[in-house]
Amino acid sequence: MDFSIFGIQSTTLAVTAALTAVVLVAGALIIAFLIGPRSYTEKKGEPYECGIPTRGESMAQFHVGYYLFAILFLMFDVETVFLFPWAAICRALGSGALLAVGTFLVILVLGLAYAWKKGALRWK
């Protein structure tokens, strides 16, 4: 099968895009190296956070509940991103789209029920 975009074969287009990306990235790195400042001191190499020098151990472990809560938030936030465009044109899409979104929502509610049952929503 021969695919072409604007009269250019797709393999030629892909190779050209890849080479262009490599050349642009390499060029940016070389230019940054050539014109960048070169003052390396011990004080510059020290770690800091928000302009304040760190004290003590900088590695801190967080409770897994924070991560679970964040993942659940993202899951339902992405649901909103998917539902908004659908709601804007729901009448034009017909009943097939309503069935598809209903299935999507049922799967999400089942995921929420599973997380609730496992205790992922309890703040311990």
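Laboratory data are not the source of any read-out in this text; all were calculated from the coordinates shown. All figures in this text were calculated on a predicted structure; none of them were measured in a lab. Neighbour counts are summed over all protein chains in view; Cβ atoms, including those assigned to glycine, are modelled from backbone coordinates with ideal geometry.
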Original post:
What's the extension gain from residue 98 to residue 13 if we count 0.36 nm per residue and subtract their Cα-Cα distance?
Top reply: 26.7 nm
Original post:
Rounded to the nearest 0.05, what FRET efficiency is calculated for residue 82 and residue 62 with R0 set to 30 Å and r the Cβ-Cβ distance?
Top reply: 0.55
Subject >> Modelled FRET efficiency - R0 35 Å, residue 123 with residue 40, Cβ distances, 0.05 increments >> reply: 0.15
Original post:
Just from its helices, what would the mean residue ellipticity at 222 nm be for the chain, if runs of 4 or more DSSP H residues each count -39500 (n - 2.57) and the sum is divided by every residue, rounded to the nearest 500 deg cm²/dmol?
Top reply: -22000 deg cm²/dmol
Original post:
Label-point separation (nm) for residue 29 and residue 55, each offset 7 Å from Cα along Cα-to-Cβ?
Top reply: 4.0 nm
Original post:
What residue among 96, 23, 62 has its Cα farthest toward the positive end of the dipole of the chain, where the charges are +1 on Lys, Arg and -1 on Asp, Glu, each on the Cβ?
Top reply: 62
Subject >> Shape box of the chain [Cα atoms, principal axes, largest first, Å] >> reply: 65, 61, 27
